[in-house]
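Derivation of every value follows stated rules applied to the coordinates shown; laboratory data play no part. A quick note: this is a predicted structure, and the numbers were derived from the prediction, not measured. Don't worry about glycine lacking a Cβ; one is built from the backbone with ideal geometry, like all the others, and counts go over all protein chains shown.
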Amino acid sequence: MTKSLQHENEMIQKAREKCNVSMLSASVINDSYCNQVFDGIMCWPPTEAGSLSIQPCPSYMYSLLPDGNASRTCLRNGEWYVHPIFNKTWTNLSGCFDPTMKYNSPSVVPAIVKEHMRYIQILYDVGYSISLLSLLVAVSIMVYFRNLHCQRNTIHINMFVSFIFRSIICLIKDSYVLPEINSIYSSDENKNIQSFGQSVGCKIVYTFFYYILSTNFMWIFIEGIYMHTFVMSTKYNVSSCLYKTLLVFGWGAPSTFVIPWVIMRIKHENTLCWSTNDVDKGYYWIIKGPITATVVINFIFFVNIMRVLYTKLTAAHTRNPSRYRKLAKSTLILIPLFGVYYLAFIAVPVCMEPMLEVIWLYTEMFFNSFQGFAVAILFCFMNEEVRREIRKLKRDHKLRRNSHISNRSTSRTVEQFFQSEHDNIILGAEPKSANVHFELDEKSKIILEKTKHLFSDGNDPMLNTRVNGIHVNGENLNLVSLNDRTIES
């Protein structure tokens, strides 16, 4: 099966090269013809406008009928027909498809998988969308509170950002790239085979996809390195040199193997949208190898950290059953942190029974798409430091709000008092404060001095007397008591 796929790719490459040479040596065709083109499988010669070009199905494609015919439509304007869904030129290979073909070819998607693809895609989109929103909130919280700025949280932020990029590129890849990939079989009733259009933009998007995916694994690996170093050391932070090295490594290391992979794909496996890989050639191991290594090393870190935590919890609480709950909580946090479950996905074989493939797709899509959401919850929303800062922010906001209300109430009380006294003086009535004496502190006097100009020009002796002091039945009365916030306002 793999030999057949390898031979198909080699023959496609030869057909492409032959077609390119033919196009370079061909004479210039006017607008009454469609230009010669290679659709990804076959080379189509210049075709007269308004006609249908037909040729036998390629014999080197083992999933196609060698005695069938493929067709390509040249429109009256001298342009090849563009598929309305894929927005690309399209080759009709329905005559090359055998409807009796069973699931014994790597090119055929089983019916049960097709039935579930729509639901798997919904799970995929919902998961990455929720992860994206939660991670954006988590990063905003981590950046906003200065008390959270430390080595550990900075590494968390970088990991969050890598998950954000991963969510974005996955959504972009599926929304804009999939229509360009032109998968082998369409989902319509005739199971028409789409053209294998080559798209530079599609390859660029997939290159960024593999780079961002690699950076995401690198930052998960860095979390493992930092956590392992922290647990094994008595220091709260790692050395400054190691810390800076980790920051550079997280974003720079993936380029050391993604760039060589791009070069190898261009030279030796420049097929489709770089979304598929030839198992026999094994160029995908240029990327998969380092990622697998980080997952395995992280698993070793995970086991060792769990061993140390169990030892410490057992020593600290010899007969306390809560240590098992703490150990379970630590395990719950460390599993998504270290990506331990990726080991199961790495071990999954490429070819499996259709029903098992459906189960595997649901499981993989769920863990991959919701991992960012789980990380945001465990390392931000459930983080005690973060929750403490949020509670502090709410408390300060409540205090400021209550202080503002208190200041307004106090100002209205003082204003009403002086207005009443001033009216009594003007009307010749006995002031209510004639026999009242205030014992005011210095701050309160400042407040009264600032407010009395609202009711007098400052030359009213009665008002000045009342400001300086009021006496009630020979007893001292402290009428105004204001806090520092009121004074400052």
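Net charge around SER32, counting only other residues with Cβ within less than 10 Å of its Cβ (Lys, Arg = +1; Asp, Glu = -1)? Charge balance near SER32 sits at -1. Report the calculated FRET efficiency for GLU353 and TRP285 (r = Cβ-Cβ distance, R0 = 25 Å), to the nearest 0.05. For GLU353 and TRP285, the calculated efficiency is 0.45.
For GLY68, the residues 5 or more places off, or on other chains, whose built amide H falls under 5 Å of its own are CYS57.
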